Amino acid sequence: MQCISAVYLHPQPTSSSENLLTIPSGATCKYYRNENGWYYVEYNGTKGYAWQTFFSTPPQ
């Protein structure tokens, strides 16, 4: 799945949790699941949560 705009990766599905890293626009991530609008993804070996509107639609 592709990131369509830079977004922070968080350890918890909330923007108030720390920022693990920034996923750059155009980056490819591995999608695992959707938790109430937060996508649990993996980018460069780091797993976490990022808000869904920053990604292309995940595979069904």
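The values are calculated or read from the model by the stated rules, or taken from the named source; none is laboratory data. Here the structure is a predicted model, which is why all the values come from computation and not from measurement. Glycine also receives a Cβ, built like all others from the backbone with ideal geometry; neighbour counts cover every protein chain displayed.
Some points to look at:
- Among the residues of this structure, Ser5 counts as one that is within 11 Å of the chain's Cα centre (by Cα) and at pLDDT 95 or above.
- Glu35 vs. criteria touching a Lys or Arg at 6+ places or on another chain (Cβ under 9 Å) and not basic (Lys, Arg): no
- All strands (runs of 3 or more DSSP E) inside the chain with 3 or more residues being loosely packed, with under 13 Cβ neighbours inside 10 Å: 30-35
- Residues of the stretch 45-60 that turn out to be of a type outside the set (A, V, I, L, M, F, W, C) and touching a strand residue (DSSP E or B) at 6+ places or on another chain (Cβ under 8 Å), as a count: 8
- Restricting the stretch 14-35 to residues that are among the hydrophobic types (A, V, I, L, M, F, W, C) and under 15 Å from Ser56 (Cβ atoms) leaves a set whose member that is farthest from the chain's Cα centre (by Cα) is Ala27.
- The stretch 30-52, residues that are polar (S, T, N, Q), without any contact (Cβ under 8 Å) to a residue 24 or more places away in the chain and within 18 Å of Ala6 (Cβ to Cβ): Asn44, Gln52
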